[in-house]
Amino acid sequence: MTLEPRAFPAENRPGLSPWWHEAVFYQVLVDRFRRFGAEEPLRDPSLPGFCGGNLRGVVERLDYLRSLGITALWLSPIQCTASYHGYHITDYQRVEKRFGGMASFRALLRAAKPDIRIVLDWVPNHLHRTHPFFQEALRSKRSRYRDWFYFDRHGDHLSFLDVSELPKLNLDHPDARRYMIDCAKSWLDLGVDGFRLDHVLGPSMEFWHTFRAEVKQHKPTTYLVGEALFMGIQRKDLRTLRMPRKRQCFEAAVRGHSVADRVQLEYAGVFDGLLDFGFQEILLTQVAHARQKPGTAQLQARLDEHYRQFPPGLSLPSFLDNHDLNRFLFEAKGDRTRLMQAAEIQFQQAQPPIIYYGTEAGMTQDRASDALNGGLPARQWMTWTHPDPELLEFYTDLICERKRRGSLATVGMAQVLPKGKSENRR
């Protein structure tokens, strides 16, 4: 499939807009990406344990990422954690020792700058039950941390959805809110360039507006991109969400309607960007699952209709897969031509693209992700020994072409390239 490259809107052109509009993001699940000095994991990555991936391993592969052409690195949570994926936080202020500790993170910052920006996954809605604040709140109703959580008269607590080991923080409590915002600022002071904000449906809009205002005042160039995902929400989970109009969205989802765009629109005025689950849905149905090759014009018209719903200037980073979804190649039943079609479509849009680690190397999975396996099938060890060379070259050329298109727009030359392959594509 060959799409005509999309013009970068004037407000999205390099030099005239924030850095994230021109970025090419690469998502890394730290524990599954690279173990410093070793090609293989410490243990079977099909099991939910730490496999040894660490920040020094990421440093060791920065040359690979630079050769690919990425300009921003999105890291899974690196704070102290009870789980390999990092989303079960036990200390917001320190780096997990199994990931290498603070020294390794500082080394990554030094090695990545100035050409690769660092975006951290930030998880403010909930923490792990072993976190000292929650343990103290459990021990005593008089604890200063008791009101940082949602306890009922029976002593039960609200959690992230129905995961009891992840107690939900009350971020409308002044002290809890101050703590979370100050922790985020401290990471910016280290040199972090932005946050991918996990489960933004959980905290209140008041918290998010305050968080944004203070973070932007502290460091105006910080990129705040939210994960507004309604997938998998059940009726019993609604009480854990502070999202506006959550019941209307739930009823629409129950009736079989896609609510991806509707949910994202609730947060369009809150963050700099939103992970574009609507885009991913369209590419999944129109390319990965399509019975025949989709028509170029028809597909682009559908995407344009999707984009028109959102205000100008809002960043909608696109992705084909991530750590919570099946890999695109698996969804396409191993058909790499469909993956290449989808990637070409992704990189032709004006919105910044995200590559999930290993997608560019042909990684897939052996079974679908579900609630029982916790997404493990899509979180396997990075393919270092047998990557797909043709696919790697294809992605490298896509990124090169995209950068060239952005450069042409910057100097006032043609905003789009002719149809077909660029001189960098073979």
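Where a number appears in this text, it was derived from the coordinates with a stated rule and is not lab data. For clarity, every value in this text was computed on a predicted model and none was experimentally measured. Reconstructed Cβ throughout: ideal geometry from the backbone, glycine too, with neighbour counts over all protein chains shown.
What shape does segment 209-323 take by its C-alpha gyration tensor, where a ≥ b ≥ c are the square roots of the eigenvalues and a/c under 1.5 counts as rounded, a/b above b/c as prolate, and the rest as oblate?
Numbers: a/c = 2.24, a/b = 1.29, b/c = 1.73.
Oblate shape, in that a/c is at least 1.5 and b/c is the bigger or equal ratio.
Would you work out the relative contact order for the chain, in percent, from Cα pairs under 8 angstrom that are 6 or more residues apart?
19 percent.
Roughly what angle does helix 336-348 make with the longest principal axis of the chain, taking Cα atoms, 0 to 90 degrees, to the nearest 10?
Tilt relative to the chain: about 80 degrees.
Which angle from 0 to 90°, rounded to the nearest 10, does the C-alpha axis of helix 101-112 make with the longest principal axis of the chain?
Its long axis makes an angle of about 20 degrees.
To the nearest 10 degrees, how steeply does helix 389-410 sit against the main Cα axis of the chain, on a 0 to 90 scale?
For helix 389-410, the angle is close to 90 degrees.
What is the sum of charges, Lys and Arg at +1 and Asp and Glu at -1, for the other residues whose Cβ falls under 12 Å from the Cβ of A23? Kindly include the intermediate steps, with their values, before the conclusion.
Numbers: positive: R117, R402, K403; negative: E22, D115, D193, D272.
That sum, taken over residues with Cβ under 12 Å, equals -1.
Return the whole-Å distance between the Cα centroid of segment 186-226 and the Cα centroid of segment 60-85.
Between the Cα centre of segment 186-226 and that of segment 60-85, the gap is 19 Å.
Give, rounded to the nearest 20 debye, the magnitude of the charge dipole that segment 23-402 has about its Cα centre when Lys and Arg contribute +1 at Cβ and Asp and Glu contribute -1 at Cβ.
1080 debye
Please give me the summed charge of the neighbours of A288: other residues whose Cβ is under 15 Å from its Cβ, Lys and Arg +1, Asp and Glu -1.
Working: positive: R291, K293, R302, R327, K333, R336, R338; negative: E281, D321, E331, D335, E344.
Residues near A288 contribute +2 overall.
Can you tally the net charge around M205? Count Lys and Arg as +1, Asp and Glu as -1, for every other residue whose Cβ sits under 12 Å from the Cβ of M205.
With Lys, Arg at +1 and Asp, Glu at -1, the net is +1.
Students often get this wrong, so check it: of K216/K246; K168/K246; K113/K403; K113/K185; K246/K333; K333/K403, which have C-alpha atoms separated by over 23 Å? Please report the intermediate quantities before stating the final value.
On the way: K216/K246 27 Å; K168/K246 18 Å; K113/K403 19 Å; K113/K185 19 Å; K246/K333 34 Å; K333/K403 31 Å.
Too far apart for the 23 Å limit: K216/K246; K246/K333; K333/K403.
How would you classify segment 40-164 from its alpha-carbon gyration tensor, with a ≥ b ≥ c the square roots of the eigenvalues: rounded for a/c under 1.5, else prolate if a/b is greater than b/c, otherwise oblate? Don't skip to the end; give the middle numbers.
Details: a/c = 2.70, a/b = 2.16, b/c = 1.25.
Prolate, since a/c reaches 1.5 and a/b exceeds b/c.
Explain nothing, just the number: dipole magnitude of segment 257-322 about its Cα centre with +1 on each Lys and Arg Cβ and -1 on each Asp and Glu Cβ, in debye rounded to the nearest 20.
I would put it at about 300 debye.
In debye, nearest 20: dipole of segment 105-253 around its Cα centre with unit charges on the Cβ of K, R (+) and D, E (-)? Each step should come with its number before you reach the end.
Details: 26 positive and 19 negative charges, 47 e Å.
For this selection, approximately 220 debye.
Return the loop-located trypsin sites (Lys or Arg not before Pro) in segment 286-342 (DSSP other than H, G, I, E, B) with at most 12 other Cβ atoms within 10 Å of their own Cβ; answer none if there are none.
R291, K333
Say a site is exposed when it is one of the GluC sites (Glu not before Pro), sits in a DSSP loop, and has at most 11 other Cβ atoms within 10 Å; what is then the longest site-free stretch of the chain? Before the final figure, lay out the partial values.
On the way: sites that count: E39, E423.
Maximal segment without exposed cleavage sites: 40-422.
Summing -39500 (n - 2.57) over the DSSP H runs of n ≥ 4 in the chain and dividing by its residue number, what mean residue ellipticity at 222 nm do you reach, to the nearest 500 deg cm²/dmol?
-10000 deg cm²/dmol
Name the residue from L376, L283, A82 whose Cα lies farthest towards the positive end of the charge dipole of the chain, charges +1 on Cβ of Lys and Arg and -1 on Cβ of Asp and Glu.
A82
Could you tell me which residue out of L316, F394, C249 lies farthest along the dipole of the chain toward its positive end? Charges go on the beta carbon: Lys and Arg +1, Asp and Glu -1, centred on the Cα centre.
So the residue furthest toward the plus end is C249.
Give the separation of the Cα centroids, segment 126-147 to segment 235-292, in Å.
Using only Cα atoms to place each centre, the spacing works out to 33 Å.
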